[in-house]
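Report on one structure; see the data block that follows.
Readers should treat all values here as calculations from the given coordinates under stated rules, not as data from a laboratory. Keep in mind the model is a prediction, meaning the values are calculated, not measured.
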Amino acid sequence: MPKEATGKTGVPSQTRRKPERPRDELGRPLPWEAENLLHLPDFDSRSVEENHELARTLLGERNVFGAHEAWETAWKQSRGTGDEELFKGLSQMGAGYVHLLRGNAHGTITLLRRASGRIGSYPEGRHGVRTVELAARLEADAAAVESGELRPGPEATFEPPAV
């Protein structure tokens, strides 16, 4: 078994945890003295499969930042398995919807298209994800933002995709 890596590219561990800085519901850092509005589970203590299922639940609840974080952890946990690009794409999808709600059109379009490419490269039904359908949905949402049909911001009207 290789020695655990350290730093930003390392495997999550007790010695490499995210700082507990207060954040708003969309993950934006708040001043250190502010009340934390973002409460997330300990993703590092869960398996890849548990994080994937939790992310699906969080996305369905429109907790797009939580879904992004769960899939980001699954991505890091799945390195070397052949599934890392799928989970990276799912994490990017979550981040794309975070940018949508934050009002960042460019970030939304860029991340949803990156996610679509990664997710769409996997066979249909991988980890229960309808990859072809999801990739098409992400492309459609990116195009809707680009055309102005879907307006970024806290009041963005969209249904999270079924994953």
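Could you work out the relative contact order of the chain? I mean the mean sequence separation of Cα pairs under 8 Å and 6+ apart, divided by the number of residues, in percent.
Numbers: 250 pairs, mean separation 25.7, N = 163.
Over the chain, the number comes to 16 percent.
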Taking the chain and counting helices only, DSSP H stretches of n ≥ 4 at -39,500 (n - 2.57) each over all residues, the nearest-500 ellipticity at 222 nm comes to -16000 deg cm²/dmol
Long-range amide H partners of ARG126, meaning residues 5 or more apart or on another chain whose placed amide H is closer than 5 Å, are THR131
Interchain or sequence-distant (5+) residues whose placed amide H lies within less than 5 Å of the amide H of LEU30 are ARG23, ASP24
Taking max minus min of the Cα coordinates of the chain on each principal axis, largest first, gives extents in Å of 48, 45, 23
